[in-house]
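Enquirer: Before anything else, here's the structure in question.
The values are calculated or read from the model by the stated rules, or taken from the named source; none is laboratory data. Note that the structure is predicted; figures quoted are calculated from it, not measured. When we count neighbours, we look across all protein chains shown, and the Cβ atoms used for this are built from the backbone with ideal geometry, even at glycine. Quick note on the areas: whole protein, heavy atoms, side chains included, nothing else; ligands and nucleic acids left out. Shrake-Rupley method; radii C 1.70, N 1.55, O 1.52, S 1.80 Å.
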Amino acid sequence: MKLRSILRVLSLVAFLSACVAGYLYYSTLKEYAFQEAERNALDRLQATKKNLSAFFSENIKPARVLARMPSLVDVLLHPDPQSLNAANTLLDLFNKALDVEVCYLMDSRGNTIASSNRNDPDSFVGMNFSFRPYFQDAMQGLPASYLALGTTSRKRGAYYSYPVYRKNSDTPLGIAVIKASIFFVEKELTPEETSIQLVVDPQGMVFISSRSEWLYQLLWPLKPDEIRRLRQTRQFGNGPWHWTGLRKKGDKEVIDSSGKPYLFHEISVDDYPGWKIVHLYDLKAASKLVSEPLLKIIRPVIIILCSLLGASIFFLYRQASLEIARRRTVEQALRKSEERYRSLYHNTPAMLHSIDKNGIIVSVSNYWSDALGYTREEVIGKKLTDYLAPLSRKYAEETIIPTFFKKGFIKDIPYQFIKKNEEIIDVQISAITDRDEQQNTFRSLAVSIDVTERNKAERALQEAKEALSSYSKDLESQVRKRTREISGILQYTPAMVYIKDADGKYTMVNSRFEGLFGIRSSDVRGKTDKDFLAPDIADQFLKNDERVLREKKSIQVEESIVIDDETHTFLSTKFPLYDGKSRVTGVCGIATDITALKKAQERLRRLSASIMAGQEKERAYLARELHDELGQVLTALRMEAVWIRNRVHKSDPTASARALTMCQLIDTTIEEVRGLAIRLRPGVLDHLGLVEAIEWYTADFEKRYDITCIFEHDDGPEIRGNIATAAYRISQEALTNVARHASATRTKVTLSFDNGNLTLTIRDNGKGFEPDALGETDGLGMANMRERANLVGGFFDVQSRPEGGTRICFTVPLMES
């Protein structure tokens, strides 16, 4: 009985021991699994952070390079079709080369003026994005990176902006922007059964997720005013954004709305303040992964060995604990060593790879993968020579690889790699062999340095040297040719050409100058005008030269020079000369003898004056004849018609009515003849003066053409003679043009006196015209008015534009009257 009880007690103790041991083993294994999960989560967070950092930084330098391209500066300074086409071509090239979503250019107001997606349905050319932070930062001169949802494309992307400057200016003309798609980064976040990876902004908005259903949800609840501010930024569209239901439970654990617990870890994103990478590990799923396999193994063992393992369970547990502790220590040391090696291998800014003795790739660094554009899975297990250019592949297979495995090292071997996008890059490879305990080579460790840009620079430098040499020779030839041409022009031109320095000293004169003044070029060089010219001529030259130096612009003046006791008039064009720093260093003058032309103009002016005076006399004669002769005849004819009407009034009513009609027609004819005589030469102009004549004519014009005509005048001296005739005829011609061509409803005539000048102005609200587009026939009236103004020493000006009315102004000095 006692023995049976002892056995029962021992069996119970053994069973309890096995249960306790199983539970302790399970707890230890579970804790280890959770710690392993936490360690894996941290490793994944670091890997994701590194991938994101690489992705977010890869387009910063291209954005800066793009912003410095001359094509973008040209289109911002001169937005014509040619410069816009050049800018779009450049954006297309960058978009294709960088394999990004879109490249575009914005002006200083935030308007998109050029884009690589201009032909796409979601093109945003012409749209304004000045509200975007990347625009505002770049216009302050700061390169910017920005994560957001496109307002037009509705696609997520990373925006990289850089200010565009004109040469030697610190003020941005606009900004260049590169938008890269988030799709390729999100592909790296492979969804797993037990974990979720998210990238969230400072407010907790999920922008990148390994599970699409979590996108655009809020990790934590926000207040209404915070949601309103988030909507105002338009960074993630207009919402609505739902809360994921997550709540924190301690530092490393969160639970969702259904109570499911997650192991929570987060890490900051480099260069994006407030942005986090979040890793959620499903604790229930982790428990299942630990418990289910364990129960399948332990259940039969406990049933079979429960009675046998009871006594030794504590010993086994102790041994297991010690073994786990030792394993942890070894694994921790190994992990640290691997981490150091991996960090050194992957973070070294050089392309590292290893191949076995058959030339098969066994490992590559992150930098190697990024540089060539392949993932590690795409290249491991394939021959290295598959990624070499044809000539490099032949050179490697036939020469370098066999020699390398014999000698054990190579140094600075030039190769050409083919990237995934088929771009070829130049590299220099150095490598050593890795040997086993038997000193047999089993793999290599190679370092490749990208020398593409260096080789391009060397080739470009050589081409530039050759181009510069060719350009120098061509330039020298052109200089010699231009020198011969200019020397010929200066020697044979009939114009007088000279150059003076800023102090008025001659540095060059041509042969015409030598002939006019009877002095050689060598004798005049270094002298001023006063050294060899008459005082009045020297003062005249000096005054005009000082005006050019003072105003720093070209002038045209007439200068008089006495040659062989005869005064000659020269039309001189004088302009300033500048040095390389835009400082005025002297004056150049070109003088052409226009004496014959001036004499011809004077003869022509006198002829025109004689013709117009004859016209006025003929008009006056015709007006008197119409008034005196034809007017008297019409008056007599009317009296006869009245007599006939009265004579037959009772005997023949029909004849009487016809006589009455004749009287009315004669009256109308008398009025028209009187008006025609007045228009030919109004008596009021001769008897009362210019003001009354224009006042009468404007009233008659308003009555005849039903166009409102207002006449305003200042009190001034009585105007008669040629000036009065010219002013009257100009107003008459101008108002006639208004009635015939302007389609105006209102015109205004103003006569004013100021500073001894008479000014006549005629304005209308008609359809206007282009003064430069008038033909010879259409411009005849304008020419007559201008000629009349010139004959009395006045100035005539016409200002007009289509649909803007016309303004005619005649100004003449009264002292000429």
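Enquirer: Straight-line reach from K500: which lysines fall under 20 Å, measuring Cα to Cα and dropping same-chain residues less than 8 apart?
Expert: Answer for K500, where 20 Å is the Cα cut-off: K527, K530, K543, K552, K553, K574, K581, listed by chain and number.
Enquirer: Same structure again: Quick one: ranking R788, R482, R520 by accessible area, 1.4 Å probe, largest first, what do you get?
Expert: On the way: R788 30, R482 115, R520 155 Å².
So the residues, ranked largest to smallest area, are R520, R482, R788.
Enquirer: Return one whole number: the accessible area per residue of the stretch 349-433 in Å², for a 1.4 Å probe.
Expert: 53 Å²
Enquirer: Please enumerate, by chain and number, the aspartates and glutamates with C-alpha under 13 Å from the C-alpha of K505, excluding those fewer than 8 residues away in the same chain.
Expert: Those aspartates and glutamates meeting the cut-off are D523, D529, D531, D545, E546.
Enquirer: For the stretch 188-290, state which trypsin sites (Lys or Arg not before Pro) are in a DSSP loop and have at most 15 other beta carbons lying within 10 Å of their beta carbon.
Expert: Listed in order of number, the matching sites are R211, R234, K249, K252.
Enquirer: While we're looking at this one, here's another question. Under 1.5 on a/c is rounded, so check that first for the stretch 336-376, then, if it is not, pick prolate when a/b is larger than b/c and oblate when it is not; a ≥ b ≥ c are the square roots of the alpha carbon gyration tensor eigenvalues.
Expert: oblate
Enquirer: Then there is this: When only the heavy atoms of the protein chains count and the probe is 1.4 Å, how do T761, T669 rank by accessible area, highest first? List each step's numbers first, then the result.
Expert: Numbers: T761 15, T669 55 Å².
The ranking, largest first, comes out as T669, T761.
Enquirer: Additional query: Mind checking which aspartates and glutamates have their C-alpha under 12 Å from K276, skipping anything on the same chain fewer than 8 residues away?
Expert: D201, E266
Enquirer: For H568, what accessible area in Å² do you get when you roll a 1.4 Å probe over the heavy atoms of the protein chains, rounding to the nearest 10?
Expert: 40 Å²
Enquirer: At what distance in angstrom do the alpha carbon centres of the stretch 87-139 and the stretch 366-417 lie from each other?
Expert: Rounded to whole Å, the Cα centres lie 39 Å apart.
Enquirer: At 0.36 nm per residue, and after removing the present C-alpha to C-alpha distance, how many nm does the segment from L322 to F405 gain when stretched out fully?
Expert: 25.3 nm
Enquirer: For the stretch 528-587, what does the accessible surface come to per residue with a 1.4 Å probe? Please give it in Å².
Expert: In whole numbers, the stretch 528-587 has 61 Å² accessible per residue.
Enquirer: Which pairs, out of K50/K357; K61/K394; K96/K167; K179/K248; K61/K187; K179/K284, put more than 30 Å between their alpha-carbon atoms? Walk me through the intermediate numbers first.
Expert: Working: K50/K357 32 Å; K61/K394 35 Å; K96/K167 27 Å; K179/K248 35 Å; K61/K187 24 Å; K179/K284 40 Å.
Correct reply: K50/K357; K61/K394; K179/K248; K179/K284.
Enquirer: Using a 1.4 Å probe on the protein heavy atoms only, what accessible surface does M139 show? Give it in Å² to the nearest 10.
Expert: 40 Å²
Enquirer: Trypsin sites (Lys or Arg not before Pro), restricted to the stretch 88-164: which are DSSP loop and have at most 15 other Cβ atoms within 10 Å? Numbers along the way, then the final one.
Expert: Values: sites: K96, R109, R118, R154, K155, R156; in loops: R109, R118, R154, K155.
Those satisfying the criteria are R109, R154, K155.
Enquirer: Here is a further query. I want the local charge near L72. Using Cβ-Cβ distances under 15 Å, sum +1 for each Lys or Arg and -1 for each Asp or Glu among the other residues.
Expert: Result for the local shell: +1.
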